[in-house]
Amino acid sequence: MGSVQIVTTILAAAITAVAVWLAVRAVMKMTAVIRLGQPAPERFSDKGARTKTMLVETAGHTRMLKWGVVGAAHWFVMVGFIVLSLLVLEAYFEVVTPTGGLPIIGHWTVFGLATEIITVLGLIGILVLMVIRLRNRPTRPGGRSRFTGSTMWQGYFVEWIVLLVLIFGLLIRGFKVATDHFEYPLWATPVSHAVGAVLPDWSDGASVAALIKIAISMTWLIVISLNVTMGVAWHRFLAFPNIFFKREPAKPAGSGLGALRPMTSQGKPLDFEEADPEKDQFGVAHVEQFSWKGLLDFSTCTECGRCQSQCPAWNTGKPLSPKLLVLSLRDHAYAKAPYLLAGGGKDLTGEEKATQAQLAHLDVLALAEADKPLIGTAEEGGVIDPDVLWSCTTCGACVEQCPVDIEHVDHIVDMRRYQVLIESSFPSEAGVMLRNLENKGNPWGAPQNTREDWTKGLDFEVPRVGEVDDFEYLFWVGCAGAFEDRAKKTTRAVATLLNEAGVKFAILGEGETCSGDPARRIGNEFVFQMLAQQNVETLNEAFEGRDKTKRKIVATCPHCFNTLGNEYGQLGGEFEVVHHTQLLAHLVATGKLTPVQPVDGGVTYHDPCYLGRHNRIFAAPREVLGDSIAGDLTEMPRNSERSFCCGAGGARMWMEEKIGKRINVDRVEEAMATGAKTVAVGCPFCSTMLNDGVNGKGAGEQVEVIDVASVLLRSVKPEQPQGGKETAPIGG
Ligand code: SF4
Ligand code: SF4
């Protein structure tokens, strides 16, 4: 070993020792913080599906590749990071001797070839990512970007480190070529040979370059270890467990959410018949009341801003960004952690758990952080502003886009649950809706005995469950479908089409109450459970004696469809629920319904969030429209998985939209820009919001917003009176 190698070896060992010590400390700190969360035993089920999903989503980059060039570039950088870690390891042999290399595989040409290819592709990939980050920097002329609010220096730092590590890897190889100590043939490593051709014949060059490469890598490790909230770097490790522990691993990647998680206390679902607010946790009031998976979510955020770029609230000037919400929760959790780890925290009656002695040596900043209310205005020092919390439509666009499977909607609803159930703090205008749900069983407060009014004037009888036994489908009408004038037209259209196709169906009539979706999404789990239990009982009775495959329900409202199909199982109600567009598509495909007169004038389709993103039903409504209209469907730029919310979900239908641009107006402008004369929808709430938007723009005479079923009915029965345009206001 020469004198240069003695120095390079000592320096490499020293910086590595410091970096590894700091990294171990950082991992222990992160683990301790994540363990502060509540239990989530369900996350350990189905390990086979979890492993498969993790491998598919990481190795296949299933989310990222939806972003085209960025996804491909990131894939090469990720593969480069994993495979080229071997070359960092090899550098430790090269600081000792400039001709050194990895034992065994370091002599294989195939290893030389593979690492050469990955180095070159990794270089291209990181340069692409650097250009994209720069072009999207928040300070660029033209305003907001998906990186607005991200810690930009951290992104630049990580990218430069990757770039330099790759460059120094090539320099090490180049010095070996220049000194004639390179084992791989020219055909397998042409770039390394080209670099070697321009480097001097310096015998210590490889050792010095290896030391610099190690120093750069260890500087990265030291910096991220000193910044445990640096998700842009830590996600390289945390993404794997975060995806592994996602809540429904068997669902295909990018599958939105569907059901909300039940409300839990100590990891167990809460039953309101036994729950006690002095013993049980009702939603989330403090950051440590999220589950450990929630805290892992916050730690894993890469600050990429994909969620933010798709969020309807953010895109219309509301204060909510799902990314900034996650970052606020992360920063608060880590800043409060010293206090919690010292034994601090409030019990369920609000009393401090720690003794004075336990908190005596705590940093004043940690104590100040502990005092912050989780939900509160800037003046109150709150972590999350109430306007942020209540701006969410639970559309699921954030969850859909997040490359590391962060579950924003669950966290938002958990915080809403505490605000509603314990603090009674929510936008006051939604109180009327909740009272109506409790007292009248529907959000509008319409009399229950008018639930069947929509059947009046139909030229056939609509049977009720109990009057007939041999129905195939129970037609779940929903509150909008029964009480809201526009939606009643959809209900009548669906019933007419089912009757025309000879489908045996029956309704519950006055036996139906609200599915509970608005109560659950606003956070009132108590009212949700009350309504859901009642409906589950009614439905179980209606289907008594049938197995699950014969307990079929068709619903026109995607919110009911989602709640009945995905959430009633949590309360003992197992049904086969289809959306009316699915059933209608099937009836057309099997020849039971025949469109005869194409609807013309141009048609576009708005995907309802709870049908599309949350439940992956994109094709059926398009099939129905494809069979019913003249020419092709005109798609809006934001469609299918990337559809833009109408603004009504998450119980926002019953809250005023006071901040920023109205979401429905944004969506209507997009729809009108297609030039289509008909905007087809598959949800009564979307219909209301988009109709309001069209009328607000004074375009009510030019553009019509109607349900897919109504479009099909016009095509199947053109002679049938259609009842005019669906422009009536909400009314009982
Ligand atoms: S669910 Fe929709 S509105 Fe809510 S934060 Fe996510 S993207 Fe924004
Ligand atoms: S939450 Fe997910 S999508 Fe949003 S910034 Fe973080 S990693 Fe990106």
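The values are calculated or read from the model by the stated rules, or taken from the named source; none is laboratory data. This is a predicted model, so every value here is computed, not measured. Heads up, the Cβs are rebuilt from the backbone with ideal geometry, glycines too, and the neighbour counts pull from every protein chain shown. Ligands, DNA and RNA are stripped out before the accessible areas are found, and what is left, the full protein with its side chains, is counted by its heavy atoms. Shrake-Rupley method; radii C 1.70, N 1.55, O 1.52, S 1.80 Å.
Observations
- The range 582-612, subset among the charged types (D, E, K, R) and open to solvent by 40 Å² or more (accessible area, probe 1.4 Å), residue farthest from the chain's Cα centre (by Cα): LYS592
- Residues of the range 389-430 that are farther than 25 Å from ASN562 by Cα and within 16 Å of ligand 2 (Cβ to nearest atom): none at all.
- If you go through the range 613-651 and keep only what is within 18 Å of the chain's Cα centre (by Cα) and basic (Lys, Arg), you end up with ARG613, ARG616, ARG638, ARG642.
- Residue that is open to solvent by 40 Å² or more (accessible area, probe 1.4 Å) and of a type in the set (Val, Ile, Thr), where the choices are VAL432, VAL413, VAL388: VAL432
- Flag for GLY350 being open to solvent by less than 60 Å² (accessible area, probe 1.4 Å), assigned to a loop (DSSP other than H, G, I, E, B) and more than 16 Å from ligand 1 (Cβ to nearest atom): yes
- Residue that is modelled with the lowest pLDDT, among those in the range 628-683 that are crowded, with 21+ Cβ neighbours inside 10 Å, touching a strand residue (DSSP E or B) at 6+ places or on another chain (Cβ under 8 Å) and not hydrophobic (A, V, I, L, M, F, W, C): SER628
- If the condition is being within 10 Å of ligand 1 (Cβ to nearest atom) and either in contact with a Ser or Thr (Cβ under 7 Å, 6 or more places away or on another chain) or among the aliphatic types (A, V, I, L, M) (or both), then the range 407-440 contributes VAL409, ILE412, VAL413.
- Just one of the listed residues (THR513, THR491) is β-branched (Val, Ile, Thr), at pLDDT 95 or above and not in a helix (DSSP H, G or I), namely THR513.
- Of the residues making up the range 32-55, those that are open to solvent by less than 70 Å² (accessible area, probe 1.4 Å) and part of a helix (DSSP H, G or I) are ALA32, VAL33, ILE34, ARG43, GLY48, ALA49, ARG50, THR51, THR53, MET54.
- Within the range 388-435, the set of residues being closer than 19 Å to ASP331 by Cβ, in a helix (DSSP H, G or I) and out of contact with any strand residue (DSSP E or B) (no Cβ under 7 Å at 6 or more places or on another chain) comprises VAL388, CYS398, HIS408, HIS411, ILE412, ASP414.
- Among the residues making up the range 291-303, those that are away from ligand 1 (no atom under 16 Å from the Cβ) and touching a His at 6+ places or on another chain (Cβ under 7 Å) are THR300, THR302.
- Failed item in (1) out of contact with any strand residue (DSSP E or B) (no Cβ under 8 Å at 6 or more places or on another chain); (2) farther than 27 Å from TRP153 by Cβ, with VAL287 passing the rest: (2)
- Qualifying residue in the range 613-620 (condition: modelled with pLDDT of 95 or more, open to solvent by 10 Å² or more (accessible area, probe 1.4 Å) and within 28 Å of PRO463 (Cα to Cα)): yes
- Residue in the range 442-452 that is closer than 25 Å to CYS646 by Cβ, open to solvent by less than 10 Å² (accessible area, probe 1.4 Å) and of a type in the set (Gly, Ala, Ser) present: yes
- Tally of residues being in a loop (DSSP other than H, G, I, E, B) and under 19 Å from GLY2 (Cβ atoms) across the range 183-211: 6
- The set of residues from the range 271-282 being among the acidic types (Asp, Glu) and surrounded by fewer than 17 Cβ atoms within 10 Å (Cβ to Cβ) comprises ASP271, GLU273, GLU274, ASP276, GLU278.
Every residue, every condition in (1) surrounded by 14 or more Cβ atoms within 10 Å (Cβ to Cβ); (2) under 30 Å from the mean Cα position of the chain (by Cα); (3) in a loop (DSSP other than H, G, I, E, B), yes or no:
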position	(1), (2), (3)
ALA354	yes, no, yes
LEU362	yes, no, yes
GLU369	yes, yes, no
THR377	no, yes, yes
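- Screening the range 220-270 for residues that are charged (D, E, K, R) and within 16 Å of ligand 2 (Cβ to nearest atom) and picking the one that is least open to solvent (accessible area, probe 1.4 Å) gives LYS246.
- Close contacts from the range 382-394, counting a first residue that is closer than 21 Å to ALA370 by Cβ and a second that is among the hydroxyl-bearing types (Ser, Thr, Tyr) and within 16 Å of ligand 2 (Cβ to nearest atom), with Cβ to Cβ under 7 Å and a gap of 6+ residues or different chains, come to VAL383/SER328; ILE384/SER328.
- Residues in the range 613-635 that are more than 26 Å from GLN702 (Cβ to Cβ) and outside any helix (DSSP H, G or I): ARG613, HIS614, ASN615, ARG616, ILE617, PHE618.
- Scanning the range 316-334 for residues that are away from ligand 1 (no atom under 16 Å from the Cβ) and either under 30 Å from GLY660 (Cα atoms) or open to solvent by less than 10 Å² (accessible area, probe 1.4 Å) (or both) turns up ASP331, HIS332, ALA333.
- Options ALA313, ALA337: the member that is more than 18 Å from MET415 (Cβ to Cβ), part of a helix (DSSP H, G or I), at pLDDT 95 or above and open to solvent by less than 10 Å² (accessible area, probe 1.4 Å): ALA337
- So GLY675, is it touching a residue at least 40 places away in the same chain (Cβ under 8 Å), touching a Ser or Thr at 6+ places or on another chain (Cβ under 6 Å) and either away from ligand 2 (no atom under 16 Å from the Cβ) or farther than 21 Å from THR490 by Cα (or both): no
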